[in-house]
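Before any comments, here is the structure.
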Amino acid sequence: AGHMELRQLRYFLAVADAGHITRAAETLGIQQPPLSQQIRALEAALGTALFRRHPKGVTLTDAGRALHIEARRIVDSVAALQERMQRIAGGLGGVLAVGLASSVAAHAFTPRLLRSCRREFPDISLRLSEANAAELIEGVAGGRLHCALLRVPVAHPPGVHFETLLTESVILALPIDHPLARAYGARDVVPLKALQGQSLILVRRPGAPGLYGNLLALLDRHGIEFNVAAEVERMMSNLNLVASGAGITIVPASMRGAHPRSVVYRTLPAHAALEAPISLAYRKDDVQGATATFLALARRLAGSLPLRREGSRGSGQRRARR
């Protein structure tokens, strides 16, 4: 009996709409005999007559009317699928899995980027997940994530590329009743030697942002001794511990303002040169479709940000201390 083809359904719809085989052939831009042949082949495949032929043209049989509804639905949904695939290929649609580190999610750049993506590319469906740097890099390397926004790369698996989108300064976070918080005001710079003998909370392996490795190397170079009070996996857990009075830490300047009643933030000397980047991780061989669209958008937004170094002034800390 042969099988039904999509092309035959298109031909069938053209004939049904025109009510005339010769007119349908003209609309389709083909000869009348091959069109008649394709309609007969479709009738043979379905085992039933679809048209009643009469001198003025053709009309649908009951089977033809039933097929007309279904054929229209099938042809329309195939056209929609084709268009959707072209949008995905062109980077305007599809699912995009993006991983975020908690400290990057806290930066104003991130919601701005995600909102812009939803506004400019409504057919890209964002699937967001939060994890620490090590997990995010594994996710990108293993293909579970298309890209990830994190701070300092803690591993460099082959094929994964890291791009710095922006950089901000690092500030000191202290419990509100800490002696250093009392000794130095919101506009003061806390010298490195003031960290001598302090209890530090670090965000380290397995989620190690390299930021804390940089801090330890810096203190070591200046011969400053300290205690490690705790090592945690996420920047937010880190601030929760500072808030509880367990120790002091450093965070990117954009996290200033978390726990306003229990944590104060102070500036470190410029020569400490501790910087917190926001890095975009992606696979080198996957810069296509929605991933390429998202990378281009992230670069454009990062490039349009004012180049002032956030947190280099003591803003946001002019709160009366009791």
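The values are calculated or read from the model by the stated rules, or taken from the named source; none is laboratory data. Being a predicted model, the structure only gives us computed values, none of them experimental. As a convention, Cβ positions derive from the backbone with ideal geometry for all residues, glycine included, and neighbour counts pool all protein chains shown. Just so you know, the surface numbers come from the protein's heavy atoms only, side chains and all, with ligands and any DNA or RNA stripped out. Shrake-Rupley method; radii C 1.70, N 1.55, O 1.52, S 1.80 Å.
Data table
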read-out	value
Segments 50-63, 141-154, 224-237 sorted - mean Cβ within 10 Å per residue, highest first	141-154, 224-237, 50-63
For the chain, with +1 on Lys and Arg beta carbons and -1 on Asp and Glu, the positive-most of G99, S116, L165 along the dipole	S116
Lys, Arg +1 and Asp, Glu -1 on Cβ, resulting dipole of region 1-124 about Cα centre, debye, nearest 20	220 debye
Cα-based helix-to-principal-axis angle, 6-18 vs the chain, degrees rounded to 10	60 degrees
Helix 210-221 vs. the chain, principal-axis angle (Cα, 0 to 90°, nearest 10)	20 degrees
Pairwise label distance in nanometres, T27 with E130, each label 7 Å out on the Cα-Cβ vector	5.6 nm
Cβ-derived FRET efficiency at R0 51 Å, H54 paired with A89, nearest 0.05	0.65
Among G142, I39, G303 - extreme Cα towards positive end, dipole of the chain, charges at beta-carbon	G303
Estimated FRET transfer efficiency (R40, E120; beta-carbon r; R0 30 Å; 0.05)	0.05
R261 versus A217: modelled label distance in nm, points set 7 Å from Cα along the beta carbon direction	4.0 nm
Answer label, with Cα Rg over 2.2 N^0.38 Å calculated from the coordinates and candidates [x] 1.61; [y] 1.14; [z] 1.04	[x]
Projected label distance in nm at E225 and R182, using a 7 Å step from Cα toward the beta-carbon	2.5 nm
Farthest positive-ward along region 1-149 dipole, Cα basis, beta-carbon charges - from S77, A63, L6	A63
Built amide H within the under 5 Å cut-off of F226, gap 5+	G197
The chain - accessible surface per residue (Å², probe 1.4 Å)	50 Å²
FRET efficiency, L81 to A105 (Cβ-Cβ, R0 41 Å, nearest 0.05)	0.75
Directionally averaged shadow of region 63-212, computed from the convex hull of its alpha-carbon atoms, nm²	14.5 nm²
Point-charge dipole on Cβ atoms (K/R +1, D/E -1) for region 81-219, about Cα centre, debye to 20	120 debye
Residue-span extension gain [L6 to Q196] - 0.36 nm each, minus C-alpha spacing	60.7 nm
When region 21-119 is reduced to its Cα atoms, the Kirkwood hydrodynamic radius in Å	18.3 Å
Fraction of alpha-carbon pairs over 14 Å apart in region 239-284 - percent	59 percent
Dipole in debye (nearest 20) - the chain, about Cα centre, beta carbon charges: Lys, Arg +1; Asp, Glu -1	1020 debye
Separation of alpha-carbon centers, region 133-183 and region 1-60, rounded to whole Å	63 Å
Sequence-distant residues sharing a close amide H with G94 (under 5 Å, placed H)	S125
Among 111-122, 246-257, 268-279, the order from most to least packed when residues are scored by Cβ within 10 Å on average	246-257, 268-279, 111-122
Helix 289-304 axis, angle to the chain major axis (alpha carbon atoms, nearest 10°)	40 degrees
